[in-house]
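Reading through the structure tokens given below for one structure.
The values are calculated or read from the model by the stated rules, or taken from the named source; none is laboratory data. All figures in this text were calculated on a predicted structure; none of them were measured in a lab. Counting neighbours? That spans all protein chains shown, and the Cβs are built from the backbone with ideal geometry, glycine included. Heads up: the accessible areas ignore ligands, DNA and RNA and are worked out on the full protein's heavy atoms, side chains in. Shrake-Rupley method; radii C 1.70, N 1.55, O 1.52, S 1.80 Å.
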Amino acid sequence: MAEYKKTVALEIGAQSVAMALFTPAGRGYTLSRYARRDILLDPVEEGMRMDYVSNAIKEMVAELKVGGSEVRNIVSGQQVYLRFIKLPPIEGDLAEQVRYEAQQQIPFPIDQIQYSFKELSDTPEGDKEVLLVAIKKDVLDNLNSQVEGNGLKTKAVDCSITSLYNAYRANHPEETDPVMILDIGAKNTDILFSENGRFFTRSVTAAGAFITNAVSREFKMSYRDAEQFKIAKGAVSLGNGHTDSMEADEAALATCIRNAMNRLCSEVQRTITHYRSQYHGNPPTKVYICGGGARMPYAQEFLQATLNLPVEFLNTLGIMGVGPHVDVDALQQDAICLGPLVGAAVSAAKAGEFAIDLVPTSVGKDRAEKEQMPKVIIGGAVALVGAAIFAYNASSAASDAEAALKRALPKAESVESVNTKLTNVKDKYDKTMRDIGKLGELYSMRSAYADIMRQLAERSASVKFWLSEFSPLISYDVENNSLSESSDVKGVKLIDMNSSRNAAISSAISKAPEEAATGGKKKAPAVTAIYVSGFTIKPVDDDKTMDQRQAVYDMVAAGFYESRPDSLFAYDSAKVQKDLNCYFQFVNAKSAKDKMPPYVEKFMMVMPLKNPIPIPELDPANNK
């Protein structure tokens, strides 16, 4: 049964990023708001792509007002490996069989990939057919860091191909005739076949970038200029004098695009032949086109004439309403590009035919911890029941001891010996209850530092500066301690990294004070703040030094202020502005303890925690 809930979907494509907010409306969804950003990069600029993606996500989160939301991410088809696996019809664990096949068919070790699969219909030979979708973990985790680093929380990750198919099936549930979908993207064209419940897909490189490269070569211009030229004046020549009325440069461009599109049609015809011969499919009776490349003028007419099949634009928004905040004119242009986002909403409602979920490492850890929580609760309950039984037995033992005392009086057994036994029983019971309490505290704090370091790493990733020290501070009072221009902080560090570099780890661990006086009351020590230091590249122009420092301030303001619901730190905007030196300081090179090169500048930060972290007690017997 469908479950319609608020859904935020994000698609990170090869040359665009799109985000949409879907809200429940009756027995379906409404597209409340959406946004798209094009990322036009020359191939030599590919290393900067993630920075552009991150900026695009940040802008769209603010525009759609979805900060802090869970999001369903969609990765482009070019970043995943899709394999159709045939398995013999034998009994056994299907997941184990798929894992074995994944080891054989994906060109990376199994521990370096994340995969998901969907069982398809049986083949005519009686074999089981499975669609395997895999992606490298580092690629997936890098994309996830861009998402979660901009105030979103990953709910699930799908790929654009299966998500688009879910959107198509939701809009055309009764269509059983064989149809073909061409999703003409930037780097790939994804070719999908749907035939009476059957599914097949193949990706080819004849797509938007292939056409742009052809234009770049033909007109001897850069990739970026060729892409802009194509977008501004591009069209597909239909031949037979179609370009006679055009300007000379437009006619030459249309002819160049037509020649490149012929390559796409050849790949499509080859894929149809492969589908019919290897998968015993029927030729398609209709073609749907979508994606950015489908928006090119006369693309529909050219494909229809060349493939000799009826061609229609795929509109996946037919099952949805459109909210009042959506620009209808812009939507008419973008509708054929939103299929994967619609598919994410369909999956969120549990109404999709494919349930692909590629789980990033951090999301997998969170899920595992949530799965373990019921077990921990049950374990705690068992421990409490055990303690109760122990107490009951202790009580019974007391009763038995009293009876034994009465019986032993004639034998002159001393009352003191019985009291001693009772005291021992009570001591054991009290110790058991203390141990249960400590175990509960340890479980709650065992992931605290991992969460802090993960959030710090995700939200401080930048090419403008880097971090070099991370030290928890014990019972540190931020407001009453200003940072000086020396290269250290006045406070007790739980672990001093400077000591650990030159001595044994044991000598780097500070001994926490036994108790701290607070307002006349004594309070157990705890880690209340994190000390972080790092370096920035010092600008050659001294007038730009403040700009470089501002980059560090902006990073903290954007990533760690307590107004963010998921922030682990207690930064208060008013306090930081009032007493900046309590939180940030740049180290004066002359007063620094260690010599620094002239091209870097060291900075320090004290980051107060929302929730202090208790310091585990040391066992005096073995100092552990």
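I'd like the accessible area for His325: 1.4 Å probe, protein heavy atoms, all chains in place, Å² to the nearest 10.
Probe radius 1.4 Å; accessible area of His325 about 140 Å².
At most 15 other Cβ atoms within 10 Å and a DSSP loop assignment: could you name the trypsin sites (Lys or Arg not before Pro) in region 179-254 that fit?
Lys220
From the backbone phi of region 114-122, what are the Karplus-calculated ³J(HN,Hα) couplings (6.51 cos²θ - 1.76 cosθ + 1.60, θ = phi - 60°) in whole Hz, Gly and Pro given as x?
Each residue of region 114-122 in turn: 10, 9, 9, 8, 9, 6, 9, 6, 5 Hz.
Give the ranking of Thr30, Thr273, Thr316 by solvent-accessible surface, highest area first, calculated with a 1.4 Å probe.
Per-residue accessible area, sorted high to low, gives Thr273, Thr30, Thr316.
I want to make sure I understand the PRE zone here: with the label point 7 angstrom from the Cα of Ala232 toward its beta carbon, which residues in region 239-267 have backbone N atoms less than 16 Å away?
From region 239-267, the list is 247-254.
What would the Debye equation give as log₁₀ I(q)/I(0) for region 173-233 at q = 0.16, 0.26, 0.27, 0.30 Å⁻¹, counting only Cα atoms as equal point scatterers?
-0.60, -0.97, -1.02, -1.12
With respect to the cross-link table entries Lys6/Lys65; Lys128/Lys365; Lys5/Lys155; Lys155/Lys350; Lys464/Lys538; Lys65/Lys578, which display a Cα-Cα separation exceeding 20 Å?
Check vs 20 Å cut-off fails for Lys128/Lys365; Lys65/Lys578.
Please go through region 181-253 and write out the GluC sites (Glu not before Pro) that DSSP classes as loop and that have at most 15 other C-beta atoms within 10 Å.
Glu247
Assign one of three labels to region 1-131, namely rounded, prolate or oblate, based on the Cα gyration tensor with a ≥ b ≥ c the square roots of its eigenvalues; rounded applies when a/c is under 1.5, prolate when it is not and a/b is larger than b/c, and oblate otherwise. Don't skip to the answer; put the middle values down first.
Working: a/c = 2.92, a/b = 1.50, b/c = 1.95.
Because a/c hits 1.5 or more and a/b fails to exceed b/c, region 1-131 counts as oblate.
How much length, in nm to one decimal, is gained on full extension between Glu63 and Asp366, taken as 0.36 nm per residue of separation minus their Cα-Cα distance?
Details: separation 303, 0.36 × 303 = 109.08 nm, distance 2.83 nm.
My answer for the length gained is 106.3 nm.
FRET efficiency for Gln577 and Tyr599, Cβ-Cβ distance as r, R0 = 30 Å, nearest 0.05? Could the numbers behind the result be given before it?
Details: r = 30 Å, r/R0 = 1.00.
Step by step, r from the Cβ atoms, then E = 0.50.
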